[in-house]
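Asker: I have a structure here, written as structure tokens, and I will follow up with some questions on it.
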Amino acid sequence: MTTAPQRSNILWTITDPELQDVNLNNCDREPIHIPNLIQPHGVLLAVAADTYRILQVSLNTKEMLGIEPESLLGLSLVELLGEQQVATVQHCLANDFEHFNPLPLKLAKAGSSRLFDGIVHRQGKIIILELEPSSPSASHRLLRAQSGALPVSFGDDEGGAYAPDRPKDGTGRIRVCASQTTEPAVTVGQFDDFYRLIKNPVKRIQQTASFSQLCEAIAIEIKQITGFDRVMIYRFAGDGSGTVVAEAAEADLEPFLGLRYPATDIPKQAKHLYTLNFLRLIADVSYEPVGITPQLNPLTNKPLDLSLATLRSVSPLHTEYLNNMGVGASMSISLVKEGQLWGLIACHHQTAKKVSYDTRTVCEFIGQMVSYQLAASEKNQDSSYQMKLKSIQSQFVQIISQTKELETGLTQNPQLLLDLVGASGAALSLGDEIISLGTTPEAEEIAKMLPWLENQFGADTIYETDCLTSEYTELETDKAIASGLLALQISRVQQTYIIWFRPEVAQTVNWGGNPAKAVETVADGTVRMSPRKSFAKWQETVRGKSLPWKTCEIEAALELRSSIVGIILRKADQLAQINQELSRSNTELDAFAYIASHDLKEPLRGIYNYSSFLIEDYGKLLGNDGADKLNTLMQLTHRMEDLINSLLHYSRLGRAELRLKSIDLNDLLAGVLQVIKASARDTQVEFNIPRPLPTIKCDGSQINELFTNLISNGIKYNQQPHKIIEIGYLTADDPNVAHKMQAHFSDTQAGTIFYVRDNGIGIRERHLESIFRIFKRLHGQKKYGGGTGAGLTIAKKIVERHGGEIWIESVYQAGTTFYFTLQ
């Protein structure tokens with residue numbers, strides 16, 4: 001017969017060269033879901049799902065079933081259990097087996113009377129059937145104990161069949177075996193027992209008024225149901241460590257209430273299994289694990305996945321850990337909140353203790369039920385604080401919705417922004433600008449931290465830590481200012497973030513023993529990780545950490561983001577509607593301007609012509625005074641026609657499609673200057689071009705007109721005997737470029753800025769805002785050569801149609817510079 005492997009043979013060891021890699025996370029790499037070992041208080045069978053033939057068995061079948069393991073391999077499950085019971089298993093698998101387990105089963109061979117609790121589940125092509133010797137149900141024992149009734153014999157814990165000729169239970173009903181019926185459903189008697197067993201505990205748990213009372217009630221009720229010496233409610237923190245928040249224990253045991261245990265006490269893969277299998281039992285911590293034969297499953301050629309198996313053997317490190325604590329048996333019940341492991345109901349007994357599947361089912365049900373209530377109770381424990389945060393949230397929504405700029409809404413009442421999450425400081429990152437409120441690191445430090453912070457969000461829009469200096473080691477600020485950080489991403493594209501800070505709060509933590517695991521060096525020089533041996537209260541002062549961010553504070557921040565995004569989207573919709581209306585109005589105005597200017601020309605020509613005819617034909621009759629008036633009328637119609645032509649040209653600029661192509665501005669400018677020189681009356685003009693102009697993509701005819709208008713203006717409004725016109729451009733490498741870009745259009749990245757500079761009469765500062773208004777002239781009609789006042793308006797239109805901006809800098813009597821960009 002194959003013997004069970006010894007613990008000393010399966011302890012994890014590492015060699016000396018790997019000593020530098022020893023750390024508290026090594027346990028996280030242990031493959032605890034495929035140990036190829038089970039606990040000895042049951043038998044495990046791996047069965048092919050298609051043929052129902054046994055592929056693998058545990059090595060203890062001789063003791064438990066009276067059959068050698070080798071005799072079971074390849075055997076049909078029907079030969080072991082009989083057709084009716086196999087049909088029961090199939091029916092269970094075809095439905096939700098969680099509602100049918102355990103199945104009362106017994107062997108099909110003659111003379112077999114031992115009853116087993118059968119727990120079945122499926123792993124892909126493999127059915128895993130676990131058999132545990134059945135014992136009187138928990139409901140029978142506990143209900144009899146509660147009522148004070150005399151014990152009734154249903155067979156001892158080693159197993160005995162429940163037959164119709166056996167005594168009835170406390171309800172007067174008989175438990176029916178699967179060997180007597182093919183229906184796997186729970187009998188009325190069993191359901192009634194289950195209901196009566198959980199009714200009072202559930203009622204007492206639901207009547208608790210606070211979170212702490214709820215946790216305490218759970219511990220007391222589970223202890224009463226199971227009989228364990230100690231039952232604890234163990235709550236996980238964000239860093240993976242856990243704290244005992246409630247405890248029900250025998251009077252002679254040292255209390256563990258309030259003690260914290262490091263994250264490494266429960267490795268990550270173990271926590272994952274707790275979310276798959278809600279209850280785990282170790283009936284005897286000192287058990288010798290039982291192997292599985294063959295070691296690799298014939299169908300998968302891999303070790304059998306025992307993630308959902310109730311008999312799965314636990315890590316030897318874990319049993320050694322429990323032995324060090326003086327624990328003889330343990331049971332854990334998962335508390336899962338919103339799909340995440342919130343904590344455990346941890347049960348300890350000083351000696352070995354077998355717990356029936358019925359009792360485990362009751363405990364698992366209570367665990368799942370209170371998981372939902374824990375979430376609600378935890379959320380309600382700070383109800384007054386949450387109401388305060390809701391009030392602040394409402395004020396923010398009102399303020400932000402009434403302000404044009406997000407910055408104004410958030411900074412209008414700085415204390416509100418801090419109180420929203422209980423922070424001592426906050427920083428608003430709005431593109432390149434950082435605004436600090438309260439106590440925060442320097443703006444330069446925050447700007448330096450932003451690239452790191454962007455990587456922390458991932459798919460989320462919020463990031464929080466209560467130990468910033470351990471997460472971001474480059475922070476130079478004193479921990480008293482920024483040990484905690486809560487960051488909210490409003491827009492990644494526009495780099496808009498809200499960042500809250502909290503100061504350091506020195507904390508004294510009561511650990512259940514020194515949290516550091518021991519690294520042992522044995523005689524042969526091998527190094528092994530060993531669980532902690534001391535669990536006495538061990539205090540540590542923790543520095544560099546802030547108070548943790550509460551769930552309600554994180555939710556308040558997320559609700560603020562939702563409000564901001566909602567308001568921005570609503571304003572965007574309103575703006576889009578306004579833009580649509582403006583676009584329609586502009587289209588109508590352009591059409592009107594075009595039609596009006598075109599149609600007005602004909603009557604103007606008529607007025608001009610008839611005035612000319614009157615002078616020619618009736619000049620002598622009208623006299624000099626009449627002729628002067630007609631001449632004035634003709635001048636006015638001529639000016640009116642010029643204005644109409646300018647308006648018509650301006651209208652056409654907005655309607656005409658741009659013909660973009662690569663244009664060498666040096667060639668274009670040469671043509672412009674040639675025309676200007678030929679038509680200029682004053683030849684004392686010097687044209688300076690400091691360096692060759694670039695080649696850009698633009699509409700050549702419109703850019704030609706742009707340069708013509710700006711250069712002509714520089715010559716026209718200039719009384720210097722030696723006129724100087726300079727045409728050039730600036731790039732990001734030039735001094736003051738960033739300043740000019742930021743001053744006039746901060747949303748545009750610094751690129752190429754063109755300019756036309758003159759030494760003319762300049763413009764007074766009060767006129768700079770109106771200089772681009774159509775038909776706006778700062779001088780009399782005949783002064784400086786006259787004109788309609790549309791030239792600069794047309795220049796601005798051309799620049800804007802090319803996606804750029806134009807602005808002016810001028811010193812009265814010293815000269816003017818027009819700057820513009822073309823994108």
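Asker: In whole angstrom, how far apart do the alpha carbon centroids of segment 653-731 and segment 269-284 sit?
Answerer: 81 Å
Asker: Long-range amide H contacts for Q123: which residues qualify at under 5 Å (H placed 1.01 Å from N, peptide plane, sequence gap of 5 or more or a different chain)?
Answerer: When sequence neighbours closer than 5 places are left aside, the close amide H contacts are I128.
Asker: Check R543: other-chain or 5+ apart residues with amide H under 5 Å from its amide H, H built from backbone geometry?
Answerer: Excluding prolines and chain starts, which carry no amide H, there are no hits.
Asker: Quick one: pull the percent of accessible area on segment 350-470 belonging to carbon and sulfur, 1.4 Å probe, ligands and nucleic acids left out.
Answerer: 48 percent
Asker: A further question follows. Whole-Hz ³J(HN,Hα) for each residue in segment 214-220, computed from phi via Karplus 6.51 cos²θ - 1.76 cosθ + 1.60 with θ = phi - 60°, x for glycine and proline: what do you get?
Answerer: 4, 4, 5, 5, 4, 4, 5
Asker: Taking loop as defined by DSSP and a crowding limit of 10 other beta carbons within 10 Å, which chymotrypsin sites (Phe, Trp or Tyr not before Pro) in segment 199-238 fit? Walk me through the intermediate numbers first.
Answerer: Details: sites: F211, F228, Y234, F236; in loops: F228.
When the chymotrypsin sites (Phe, Trp or Tyr not before Pro) of segment 199-238 are filtered for loop state and at most 10 Cβ neighbours within 10 Å, nothing remains.
Asker: Compute the distance in nm between two label points, each set 7 Å from the Cα along the Cα-to-Cβ direction, one at K404 and one at Y755.
Answerer: 2.9 nm
Asker: Step through the table entries K62/K271; K697/K797; K223/K353; K223/K268, compare each Cα-Cα distance with 25 Å, and write down the pairs that go over it. Please list the in-between numbers first.
Answerer: On the way: K62/K271 34 Å; K697/K797 17 Å; K223/K353 13 Å; K223/K268 27 Å.
K62/K271; K223/K268, as the Cα separations exceed 25 Å there.
Asker: Would you check the accessible area of D667, probe 1.4 Å, heavy atoms only, in square angstrom rounded to 10?
Answerer: Answer for D667: close to 110 Å² accessible.
Asker: If you don't mind, another one. With a 1.4 Å probe and all protein chains kept in place, how much accessible area does H272 have, in Å² rounded to the nearest 10?
Answerer: 100 Å²
Asker: What shape does segment 205-254 take by its C-alpha gyration tensor, where a ≥ b ≥ c are the square roots of the eigenvalues and a/c under 1.5 counts as rounded, a/b above b/c as prolate, and the rest as oblate?
Answerer: Values: a/c = 2.18, a/b = 1.18, b/c = 1.86.
Verdict is oblate for segment 205-254.
Asker: When Lys and Arg each count +1 and Asp and Glu each count -1, what net charge do the other residues less than 15 Å away from T411, Cβ to Cβ, add up to? Don't skip to the end; give the middle numbers.
Answerer: Working: positive: K404; negative: E405, E407, D419, E433.
Neighbour charge sum, excluding T411 itself: -3.
Asker: Shape of segment 297-339 from its Cα gyration tensor (a ≥ b ≥ c, root eigenvalues): rounded if a/c is under 1.5, otherwise prolate when a/b > b/c, or oblate?
Answerer: Working: a/c = 3.11, a/b = 1.40, b/c = 2.23.
The shape class here is oblate.
Asker: Next up: How large is ³J(HN,Hα) for each residue in segment 400-406, as worked out from phi by the Karplus curve 6.51 cos²θ - 1.76 cosθ + 1.60 (θ = phi - 60°), to whole Hz, x for Gly and Pro?
Answerer: Values, residue by residue: 5, 5, 9, 10, 7, 10, 4 Hz.
Asker: Continuing with this model, one more query. Pop out the ³J(HN,Hα) list for segment 274-279 in order, Karplus 6.51 cos²θ - 1.76 cosθ + 1.60 with θ = phi - 60°, rounded to Hz; leave Gly and Pro as x.
Answerer: Running phi through 6.51 cos²θ - 1.76 cosθ + 1.60 with θ = phi - 60° gives 5, 7, 8, 10, 6, 9 Hz.
The values are calculated or read from the model by the stated rules, or taken from the named source; none is laboratory data. Fair warning: this is a prediction, and the values are worked out from it, not measured in the lab. Don't worry about glycine lacking a Cβ; one is built from the backbone with ideal geometry, like all the others, and counts go over all protein chains shown. We work out accessible area using only protein heavy atoms, side chains counted, and drop any ligands, DNA or RNA first. Shrake-Rupley method; radii C 1.70, N 1.55, O 1.52, S 1.80 Å.
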